[in-house]
Amino acid sequence: MENRFLFLGPPGAGKGTQASLICKDKGLLHLSTGDLLREEVSSGTELGKQAESIMNKGELVSDEIVLSIVEKKLSKNFQGWLLDGFPRNLTQAQLLEDLLQKLDQPIELVLLIEIDDETLTQRMLSRGRKDDNEQVIRRRLNVYREKTSPLINHYKDLALLKSIDGSGDIEDVKNRIKEAIK
Ligand code: AMP
């Protein structure tokens, strides 16, 4: 069976960690726009050069750049996918829906990983990524609130949204997710 999931939630909620586990379990393609952008930056591509300073500030990279990355990956054949970190705003959600309609691959479920700000900040500070210092973390949380969180109601209206509690250890959260996507 094919599965097509989308993980939604603030930075530091554990989307990447959990997406890797679930994808390994179910044989899905894990598509993280953050990981793909970081790869572009470390390979020094033109796209990476454009994205780097924006990422280091905690702002969103342009919809055009992100969509071009996603489109390349999603056009290939595979046994379903899990999108992590995309879409990040309503424009991207609309672009994604247009693309998925063309590919005849509608989203089956959007999973919102919920967690409080204090835990998020602690988790981000402990992973030590370049964009994980306090000032940039604050900016990324604000960008999430302003631009990404309207997607919650968007997917609620489309009757695609389920929420899970993202607190606790990795194993607990994984079990909650597995239950939710059954
Ligand atoms: P993440 O690994 O998902 O936390 O993403 C790290 C950074 O990459 C973000 O702070 C953005 O600068 C950029 N980024 C990742 N995904 C997107 C996206 N869908 N749209 C715009 N920027 C993105």
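Counting only residues that are of a type in the set (Gly, Ala, Ser) and more than 8 Å from the ligand (Cβ to nearest atom), which one in the range 60-96 is farthest from the chain's Cα centre (by Cα)?
Here is the first cut: in the range 60-96, the ones of a type in the set (Gly, Ala, Ser) are 62, 68, 75, 80, 85, 93.
Narrowing the set further to residues that are more than 8 Å from the ligand (Cβ to nearest atom) leaves 68, 75, 80, 93.
Values: Ser68: 16, Ser75: 18, Gly80: 16, Ala93: 12 Å.
Only one residue tops the list, namely Ser75.
Which one of these does Ala51 not meet: (1) more than 9 Å from the ligand (Cβ to nearest atom); (2) buried (at least 19 other Cβ atoms within 10 Å of the Cβ); (3) over 21 Å from Arg145 (Cβ atoms)?
It fails just one condition, (1).
If Val110 passes every condition in (1) surrounded by fewer than 18 Cβ atoms within 10 Å (Cβ to Cβ); (2) closer than 17 Å to Pro150 by Cβ; (3) in contact (Cβ under 8 Å) with a residue 24 or more places away in the chain but one, which one does it miss?
So Val110 meets the others, but not (1).
Name every residue in the range 1-57 that is of a type in the set (Val, Ile, Thr) and touching a Phe, Trp or Tyr at 6+ places or on another chain (Cβ under 7 Å), in order of residue number.
Result: Thr33, single match.
Just to be sure, is Leu36 within 12 Å of the ligand (Cβ to nearest atom), part of a strand (DSSP E or B) and either in contact with a Lys or Arg (Cβ under 9 Å, 6 or more places away or on another chain) or of a type in the set (Asp, Glu) (or both)? Spell out how you get there, then give the answer.
Values: within 12 Å of the ligand (Cβ to nearest atom): yes; part of a strand (DSSP E or B): no; either in contact with a Lys or Arg (Cβ under 9 Å, 6 or more places away or on another chain) or of a type in the set (Asp, Glu) (or both): yes.
No, not satisfied.
Modelled with pLDDT of 95 or more, over 19 Å from Val143 (Cα atoms), within 13 Å of the ligand (Cβ to nearest atom) and crowded, with 19+ Cβ neighbours inside 10 Å - does that describe any residue in the range 22-30?
Among the residues of the range 22-30, not one is modelled with pLDDT of 95 or more, over 19 Å from Val143 (Cα atoms), within 13 Å of the ligand (Cβ to nearest atom) and crowded, with 19+ Cβ neighbours inside 10 Å, which makes the answer no.
Determine which single condition Ala19 fails, assuming it passes every other condition in (1) assigned to a loop (DSSP other than H, G, I, E, B); (2) in contact with an Asp or Glu (Cβ under 6 Å, 6 or more places away or on another chain).
(1)
The values are calculated or read from the model by the stated rules, or taken from the named source; none is laboratory data. What you see is a predicted model, and the numbers here were worked out from it, not measured in a lab. Methodologically, a virtual Cβ is constructed for each residue, glycine included, from the backbone with ideal geometry; neighbour enumeration extends over all protein chains shown.
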